[in-house]
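Let me begin by presenting the structure, written as structure tokens, before commenting on it.
The values are calculated or read from the model by the stated rules, or taken from the named source; none is laboratory data. Remember, it's a predicted structure, so these values are computed and weren't measured experimentally. So basically every Cβ, Gly included, is an ideal-geometry build from the backbone, and we count neighbours across all protein chains shown.
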Amino acid sequence: MENCIFCKIIAGEIPSATVYEDDDVKAILDVNPAARGHVIVLPKKHASDVFSIPDEDLSKAICVAKKIAIAVKEAYKCDGVNILQNNGEAAGQTVFHLHIHVIPRFEGDTISVKWKQGEMPADLDVIADEIKACMK
Ligand code: 5GP
Ligand code: ZN
């Protein structure tokens, strides 16, 4: 994809600190990390987001994210790891080539990926039906 920064990184046109690479997936250090060891996992075939990526490509990327999570846990002896993936500007996506964040976490760190929990909806069944009606 022209003008996709991650496609350029995958093609080697822009340098990156690579921690893992195979035929389908590349994992690199995030240049503006939330924590030391923050990695982003990139499927090599361009897809902007979860709405357009083939299952097979996403499956390979999430398996690599798992490998990276295990590695950063050992490397940094962190207390936890977030595996996150943003879709759409409203959800915080800034680079429109699907990627999975792997972020080492420590008790009491100041990284914010938490939301204020809402009240339990009275119509949980209705909500479940709304979603099920759109499931393909
Ligand atoms: P998003 O906000 O789309 O979920 O995440 C995009 C991530 O890509 C951000 O965490 C940002 O720091 C990272 N990023 C943006 N440009 C580059 C780049 O040129 N190289 C690397 N390694 N990371 C980048
Ligand atoms: Zn791309």
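Odds and ends about this structure:
- Unmet requirement for His101, which otherwise passes all of (1) part of a loop (DSSP other than H, G, I, E, B); (2) crowded, with 16+ Cβ neighbours inside 10 Å: (1)
- Which listed residue is more than 13 Å from the chain's Cα centre (by Cα) and within 13 Å of ligand 1 (Cβ to nearest atom), from Glu89, Glu130: Glu89
- Set side by side, the residues Lys114, Lys77, Lys44 differ, and just one is over 13 Å from the mean Cα position of the chain (by Cα) and modelled with pLDDT under 95, which is Lys114.
- In region 104-136, residue farthest from Glu2 (Cα to Cα) [restricted to those that are small (Gly, Ala, Ser) and surrounded by fewer than 10 Cβ atoms within 10 Å (Cβ to Cβ)]: Ala122
- Taking the numbered list (1) at pLDDT below 95; (2) surrounded by 13 or more Cβ atoms within 10 Å (Cβ to Cβ) in turn, Lys66 passes all entries but (1).
- Test: residue in region 42-49 that is in contact with a Phe, Trp or Tyr (Cβ under 7 Å, 6 or more places away or on another chain), within 16 Å of ligand 2 (Cβ to nearest atom) and more than 18 Å from Asn87 (Cβ to Cβ): no
- Ala34 surrounded by 15 or more Cβ atoms within 10 Å (Cβ to Cβ) and at pLDDT 95 or above: yes
- Near pairs, Cβ below 8 angstrom, 6+ apart or cross-chain, from region 1-19 (in contact (Cβ under 8 Å) with a residue 12 or more places away in the chain and more than 9 Å from ligand 1 (Cβ to nearest atom)) to any residue that is assigned to a loop (DSSP other than H, G, I, E, B) and charged (D, E, K, R): Ile10/Lys44
- Residues in region 67-84 include at least one that is of a type in the set (A, V, I, L, M, F, W, C), free of Cβ contacts under 8 Å to residues at least 40 places away in the same chain and near ligand 1 (Cβ under 9 Å from one of its atoms).
- Only a single item in (1) within 10 Å of ligand 1 (Cβ to nearest atom); (2) in contact with a Pro (Cβ under 8 Å, 6 or more places away or on another chain); (3) farther than 18 Å from Ile10 by Cβ is not met by Leu98, and it is number (3).
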